[in-house]
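Below is one structure; the comments refer to it alone.
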Amino acid sequence: MTDPRTTSELPQETIDFAHRMFDAAREGNAELLLAAIDAGLPPNLTNPKGNTLLMLAAYAGHAALVRGLVEGGADPNRLNDLGQAPIAGAVFKREDEVVRVLMEVGADPRAGEPNAIATARMFGRTDLLGVLGAREGEGTSPAQS
């Protein structure tokens, strides 16, 4: 069940804590963030743009933290408010190790728009197509991706 309160109704210290957690994801502070998740922080906590802690860590290239977040319950296929998946963000940012980790933990390279396979083709990352399990010609047009 979701909490119907808006952020404007939350105590300022709660908002400040959430900002620290999002910063920890961007900075790769696995010790702080994973301890908070172990203590009860929702692993799929999202910011106002719908980016999860996992999305932020993936986009910033923190492969070990990405693995730890998934092990702590984060959904590797959760899309942000723009319909983007963490794995597509990692492809876009050229975070190859994060792409590999996400594939190992069950990320769907066909999730989101554009998906990771289409993103790899769009940016000439043909070296990642095998990692992403792409079929010949997949991702070359919206109808195929």
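Annotations for the structure displayed:
- Computed E for L10/N44 - FRET, C-beta separation, R0 22 angstrom, nearest 0.05: 0.80
- H62, H19 arranged by Cβ crowding within 10 Å, fewest neighbours leading: H19, H62
- Cβ-placed point charges (K, R +1; D, E -1), dipole of region 24-145 about Cα centre in debye, nearest 20: 280 debye
- Taken along the Cα-to-beta-carbon direction at a fixed 7 Å, the label points for F17 and K93 span 2.5 nm.
- Rough spin-label spacing in nm, given labels placed 7 Å along Cα→Cβ, for R100 and E71: 1.7 nm
- Relative pair counts by distance (%), Cα atoms of region 11-128, 10 Å bins: 16, 50, 27, 7, 1
Bear in mind these aren't lab numbers, they're just calculated from the coordinates by the rules spelled out. Values in this document were obtained by computation on a predicted structure and should not be read as measured data. Virtual Cβ from ideal backbone geometry, glycine too; neighbours counted across all protein chains shown.
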